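The values are calculated or read from the model by the stated rules, or taken from the named source; none is laboratory data. Model, not experiment: these values are computed from the prediction. When we count neighbours, we look across all protein chains shown, and the Cβ atoms used for this are built from the backbone with ideal geometry, even at glycine. Side chains included, ligands, DNA and RNA excluded: accessible areas come from the protein's heavy atoms. Shrake-Rupley method; radii C 1.70, N 1.55, O 1.52, S 1.80 Å.
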Amino acid sequence: MPAPSLSKGDVVITIVALHWYPYCIPLRNGFTTAHGPLHKRAGAIVELITSAGIHGLGEIAPLPEFAGSNLCEALSVLPALAASWPGLTLKQAAEEIRAGLESGWLPPAAACGLDTALLDAQGQLAQVNLTELMQREEQAETVQQRLDIPVNAVIGTTDIEATIVKARQAVAAGFRCLKLKVGCDTHLEIERIGALRAAIGPAIELRLDANEAWSFEQAVTILTACIQFAIQYVEQPLKATDLSGMRRLRQTVPIRIAADEALHDLASARNILAAEAADLLIVKPQLAGGLRMGRQIIREGAALGIDSIVTSTIEAGIGLAAALHLAAASPEITLACGLATLPLLRDDLLTGSLVLKDGMLSVPSGAGLGVQLDRSALARHASEALSLRG
Ligand SMILES: O=C(O)CCC(=O)c1ccccc1C(=O)O
Ligand SMILES: [Mg+2]
């Protein structure tokens, strides 16, 4: 008999079954970054059934065009876990995730979905919100529950006119922070960033995301020209592998540099910190390996004076709610997060969406994730092609 970890009365709660449901959801209008256009998102909802009758949900949504493993790799580990996890306590399963990430056999996106499902089940069992549960796990002395999280609007790579139309819409909708995706035409980008700053005025925060598009020289030229436009920071200006270039860029231009594609697990986060390659870490739970691993990366960064920002991979609502709880459970995070992406998808797979108002995303207050899966929407977007269950 395994040692009791989370019990309801005298009964030890164990895992009874693990299911997963692959989906494919079109984007409303497409979304273009320096990595190219994105028209649809594929992922899977995972469901852990416990002996208490409670179902924990999570989402697996890697983004191979961007960084990390692909969905087939992430799903390929699930049949073995569905066979071996029944009978484990939630704590034992969490330890398996940690060990799987450490040894490398568990892809980060799979770890993210499973970790979320365990936390969701645990939160529902203890009748606490996932934010509070994560803080309790860390035995935080002061539980600082953040009820809503400031988020940035994101504008894809597009022409100057469309950029300004989108920016004005975002400001009118109440966003106080915009993130502009930039590409590789040096002079056009400088003009576009300047036109955007002129259109939105000085009070709105403006951050850039180059998604690895620039050479070192180009980054220096563009960023030097943009000092006058008060750029909050730039995400991943150079290739993900070029940590020494990122360090040199930090020393060359007075604009903060954030690591995004360079961060795809705990080891890569530690490499970035050791190389002094970034002023900020962009933490995507799907790439980091889940919420607990995300917390660890955020804490390790903060210990060295490096702030983090939680962002999405444009996952559906279950995964986005999980990322939102990670931000809410992280008192170290003070800047706007990149979590305003559900409207990009044609469906978020939730009944009742997350509340986004005046540039703030409300943290769901119910037990566990605090959001409800829309099972009929999931069925409508089911992707049999991705199912490995045969
Ligand atoms: O940060 C945001 O506002 C949205 C998330 C985002 O930009 C993004 C979404 C999918 C893949 C990569 C990225 C990115 O930050 O580069
Ligand atoms: Mg980015």
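General observations
- Yes/no for Val128 being touching a residue at least 12 places away in the same chain (Cβ under 8 Å), under 27 Å from Val371 (Cβ atoms) and within 16 Å of ligand 2 (Cβ to nearest atom): no
- Among the residues of the range 34-55, those identified as more than 16 Å from ligand 1 (Cβ to nearest atom) and closer than 19 Å to Ala382 by Cα are Ala44, Ile45, Val46, Glu47, Leu48.
- Unique match (being among the aliphatic types (A, V, I, L, M), under 21 Å from Ile231 (Cβ atoms) and assigned by TED's automatic domain parsing to the domain that holds Ala153) among Ile282, Ile318, Ile314, Ile298: Ile282
- Positions within the range 88-103 being within 15 Å of Leu78 (Cα to Cα) and open to solvent by 60 Å² or more (accessible area, probe 1.4 Å), in sequence order: Glu96
- Evaluating Ala323 against the criteria (1) open to solvent by 50 Å² or more (accessible area, probe 1.4 Å); (2) outside any loop (DSSP other than H, G, I, E, B) leaves one unmet condition, (1).
- Cβ-Cβ contacts under 8 Å between residues 6 or more apart (or on different chains), taken from a first residue in the range 203-229 that is hydroxyl-bearing (Ser, Thr, Tyr) to a second residue that is outside any helix (DSSP H, G or I) and within 16 Å of ligand 1 (Cβ to nearest atom), are listed as Ser215/Leu238.
- Pick from the range 302-320, criterion among the small types (Gly, Ala, Ser) and more than 16 Å from ligand 2 (Cβ to nearest atom), ranking: surrounded by the fewest Cβ atoms within 10 Å (Cβ to Cβ): Gly305
- Matching residues in the range 350-386 - criterion: being open to solvent by less than 60 Å² (accessible area, probe 1.4 Å) and either of a type in the set (Ser, Thr, Tyr) or assigned to a helix (DSSP H, G or I) (or both): Ser362, Ala377, Leu378, Ser383, Leu386
- Pairs, first within 11 Å of Glu235 (Cα to Cα) in the range 252-274, second assigned to a strand (DSSP E or B) and among the small types (Gly, Ala, Ser), C-beta under 9 Å, six or more apart: Asp260/Ala67; Glu261/Ala67; Ala262/Ala67
- Only listed residue being open to solvent by less than 10 Å² (accessible area, probe 1.4 Å) and at pLDDT 95 or above, chosen from Ala61, Ala17: Ala61
- Any pair with Cβ under 8 angstrom, 6 or more apart, that starts in the range 277-288 at a residue that is under 20 Å from Ile255 (Cα atoms) and ends at one that is among the aromatic types (Phe, Trp, Tyr): Asp279/Tyr233; Leu280/Tyr233
- Filtered residues of the range 321-352 (kept if away from ligand 2 (no atom under 16 Å from the Cβ) and not aliphatic (A, V, I, L, M)): His325, Ser330, Pro331, Glu332, Thr334, Pro343, Arg346, Asp347, Asp348, Thr351, Gly352
- Spans of helices (runs of 4 or more DSSP H) in the range 106-177 with at least 1 residues of a type in the set (Ser, Thr, Tyr) and surrounded by 23 or more Cβ atoms within 10 Å (Cβ to Cβ): 108-126, 130-137
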